[in-house]
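The values are calculated or read from the model by the stated rules, or taken from the named source; none is laboratory data. Keep in mind the model is a prediction, meaning the values are calculated, not measured. Note: ideal-geometry Cβ built from the backbone for every residue, glycine included; neighbour counts use all protein chains shown. Ligands, DNA and RNA are stripped out before the accessible areas are found, and what is left, the full protein with its side chains, is counted by its heavy atoms. Shrake-Rupley method; radii C 1.70, N 1.55, O 1.52, S 1.80 Å.
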Amino acid sequence: MENTLQLNQQNLNQIAARIPCPAYPRNELKAGMVHIGVGGFHRAHQAFYTHKLQEKLNAPAWGICGIGLREGDRKMHDVLKMQDGLYTLIVKHPDGTIAPQIIGSITDFLLGVDDPMFVIARMADSATKIVSLTITEGGYNFNPSTGEFDFGNPDTQHDLKNPDSPKTVYGFLTAALKKRRDAGLKAFTVLSCDNIQHNGDVTRAMLLSFAKEQNAALATWIEREVCFPNSMVDRITPVTTQADIAYVAETYGIEDAWPVTCEPFIQWVVEDKFSDGRPEFEKVGVQFVPDVKPYEKMKLRLLNAGHSVLGILGALHGHKTINACMEDKTFVTYLRAFMDKEATPVLDEVKGIDLTAYKDSLEARFANPNIKDSVSRICSESSAKLPKFLIATLQENLAADKSIEYATLVMAAWCYYSDKQTDKNGQPLEIIDALSTELYEAAKQTITDPLAFIKQQSLFGDLAKNERFAELYGAMVQKIYADANIKKHMQEML
Ligand code: CS2
């Protein structure tokens, strides 16, 4: 395509002839929402809902100001600054239809590492009604086995001593809320959008632990004034690839340095408790409910856990993507056995939801051949994900004397994966995990102590002491170390 256009506000009129573009007055948008952690998921989810809201209602109070707290956020900052906050969302349907659109709801981006006071001031500004978060499962700074806030984290220690130049999300939230209180303003809502059960309750408990240590009176005010709705978020959003960037450039002649791809499915279920108002998101499909817990448990224990089951076993087998796993009958049958026999029995009833239909829909979503979600994305940060997605289910099934074998094989496979860091054919695996060294150190002792991996207390709690689990895990780990052909072991269980 001749005449390549750089994606930015000035070129929007011309770009609109090629891809649907925001038609609302972006320059009038105020950042009613400040979002910490702008990655692919936020841009495919909350920012997309906000864009739809603007298209439908033109709600000028509800733009989004992105915030990056880490040096690693600089690239997103630079790209979005260059593109005036605009980016392409490429929705890929299972039938091959590709529907791109330009999203315009992010109006600004600030980096905490560059100017913490400026970020704090933006959060404290009376125009800010909501501070939302996608800081990943590992970002909440709690010990997964005790649930306690981790004061040992050096950045936390830094923040306690330096309230005006924080590094962590809790340091920023506390500093901004203090300014609101001192100015006599209402508190903003803190809205977690991460895959953690009771994500709002967890955020509240962690923030209060931190704030109590720093300023007890402020902690009391936060406890009283700040709402922390729990929310369940859902949209499969793979990592952006060079091919996605090339697709937008070659097909539409648009230079977008960081588009996002995602599946068509989207869901957001949120508890309706907000400290200082909220957008009318219900007009664009968000569900507001009094209690989100049953929904989030269902999603975490079926979708996210299902992903991990396919991801870990698939990585070991040598599958590169989730849809490749779904083209493999053994994996499909195994996934369903795990969902039916181990995940479903621990779920609470979700009114109005047919769990069989939900599981069928998950299979269809995982099988979407155009999403090409890499198993390496799914396996990344397993140490933060598995305790919430899978180990919790194992513990509940152990307590109820129910089936644990499907999840246990995944744990044994995770040990082998962490130790050898290769698939069954010896091909190297890309391991991305904040605890990768610790996982490796524990896993490599398996040869002398078969239970070494599950003795990592911070991940497994006391599970190694549970006879039933330890025996089954020990036998499985032995089998995998004797023969890494994971599919054979899966088939034996079907
Ligand atoms: C995935 C999620 O990496 C993972 O844990 O299961 O990112 C998943 O794709 C999203 O939660 C879907 O909503």
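Looking across the range 42-69, the residues that are within 19 Å of Val169 (Cβ to Cβ) and of a type in the set (Gly, Ala, Ser) come down to Ala47, Gly66, Gly68. Could you list, in sequence order, the residues of the range 189-205 that are at pLDDT 95 or above and open to solvent by less than 10 Å² (accessible area, probe 1.4 Å)? Thr189, Val190, Leu191, Ser192, Cys193, Asn199, Gly200, Thr203, listed by residue number. Of all residues in the range 287-346, those satisfying the criterion of being of a type in the set (S, T, N, Q) and under 14 Å from Phe366 (Cβ atoms) are Asn304, Ser308, Thr321, Asn323, Thr333. Only a single item in (1) open to solvent by 10 Å² or more (accessible area, probe 1.4 Å); (2) assigned to a helix (DSSP H, G or I) is not met by Phe331, and it is number (1).
Restricted to the range 1-93, the set of strands (runs of 3 or more DSSP E) holding at least 2 residues that are under 27 Å from Glu137 (Cα atoms) and without any contact (Cβ under 8 Å) to a residue 60 or more places away in the chain comprises 64-68.
For the range 331-353, the condition holds for at least one residue, the condition being that it is more than 14 Å from the ligand (Cβ to nearest atom), touching a residue at least 24 places away in the same chain (Cβ under 8 Å) and either at positive phi or of a type in the set (Gly, Ala, Ser) (or both).
Checked against the criterion of being open to solvent by 20 Å² or more (accessible area, probe 1.4 Å) and in a helix (DSSP H, G or I), the range 421-435 has no qualifying residue.
So in the range 282-301, with the set limited to residues that are in contact with a Phe, Trp or Tyr (Cβ under 6 Å, 6 or more places away or on another chain) and part of a helix (DSSP H, G or I), which one is most open to solvent (accessible area, probe 1.4 Å)?
Glu282
Restricting Ile120, Ile102, Ile135 to residues that are more than 20 Å from Phe210 (Cα to Cα) and surrounded by 15 or more Cβ atoms within 10 Å (Cβ to Cβ) narrows the list to Ile102. Among the residues of the range 54-72, those identified as in contact with a Pro (Cβ under 8 Å, 6 or more places away or on another chain) and crowded, with 22+ Cβ neighbours inside 10 Å are Gln54, Trp62. Counting only helices (runs of 4 or more DSSP H) wholly contained in the range 355-410, the ones carrying 3 or more residues that are within 11 Å of the ligand (Cβ to nearest atom) occupy 355-367, 375-379, 382-386. Checked against (1) more than 12 Å from the ligand (Cβ to nearest atom); (2) in contact (Cβ under 8 Å) with a residue 40 or more places away in the chain; (3) surrounded by 16 or more Cβ atoms within 10 Å (Cβ to Cβ); (4) assigned to a helix (DSSP H, G or I), Ser308 meets all criteria but (1). Looking at the range 323-330, can you tell me whether even one residue there is over 17 Å from Pro238 (Cβ atoms), out of contact with any helix residue (DSSP H, G or I) (no Cβ under 8 Å at 6 or more places or on another chain) and assigned by TED's automatic domain parsing to the domain that holds Gly39? No, because not a single residue in the range 323-330 is over 17 Å from Pro238 (Cβ atoms), out of contact with any helix residue (DSSP H, G or I) (no Cβ under 8 Å at 6 or more places or on another chain) and assigned by TED's automatic domain parsing to the domain that holds Gly39.
Table: residues versus (1) without any contact (Cβ under 8 Å) to a residue 12 or more places away in the chain; (2) surrounded by fewer than 15 Cβ atoms within 10 Å (Cβ to Cβ).
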site	(1), (2)
Phe453	no, no
Gln456	no, no
Leu459	no, no
Ala464	no, no
Arg468	no, yes
Val477	no, no
Tyr481	no, no
Ala484	no, no
Glu492	yes, yes
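Gly85 meets all of the listed conditions (1) over 20 Å from the mean Cα position of the chain (by Cα); (2) open to solvent by 10 Å² or more (accessible area, probe 1.4 Å) but one, namely (2).
Take Leu429 and decide whether it is within 16 Å of the ligand (Cβ to nearest atom), at pLDDT 95 or above, in the same structural domain as Leu302 (by TED's automatic domain parsing) and farther than 16 Å from His307 by Cα.
Working: within 16 Å of the ligand (Cβ to nearest atom): yes; at pLDDT 95 or above: yes; in the same structural domain as Leu302 (by TED's automatic domain parsing): yes; farther than 16 Å from His307 by Cα: yes.
For Leu429, the condition - within 16 Å of the ligand (Cβ to nearest atom), at pLDDT 95 or above, in the same structural domain as Leu302 (by TED's automatic domain parsing) and farther than 16 Å from His307 by Cα - is met.
Can Leu53 be described as under 29 Å from Arg365 (Cβ atoms) and within 16 Å of the ligand (Cβ to nearest atom)? When the stated conditions are applied, Leu53 does not pass them.
Among the residues of the range 234-270, those that are assigned to a loop (DSSP other than H, G, I, E, B), open to solvent by 10 Å² or more (accessible area, probe 1.4 Å), in contact with a strand residue (DSSP E or B) (Cβ under 7 Å, 6 or more places away or on another chain) and away from the ligand (no atom under 12 Å from the Cβ) comprise Thr240, Trp258, Pro264.
Taken as a whole, the condition of being in the same structural domain as Glu363 (by TED's automatic domain parsing), touching a strand residue (DSSP E or B) at 6+ places or on another chain (Cβ under 8 Å) and closer than 30 Å to Pro387 by Cβ applies to Leu303.
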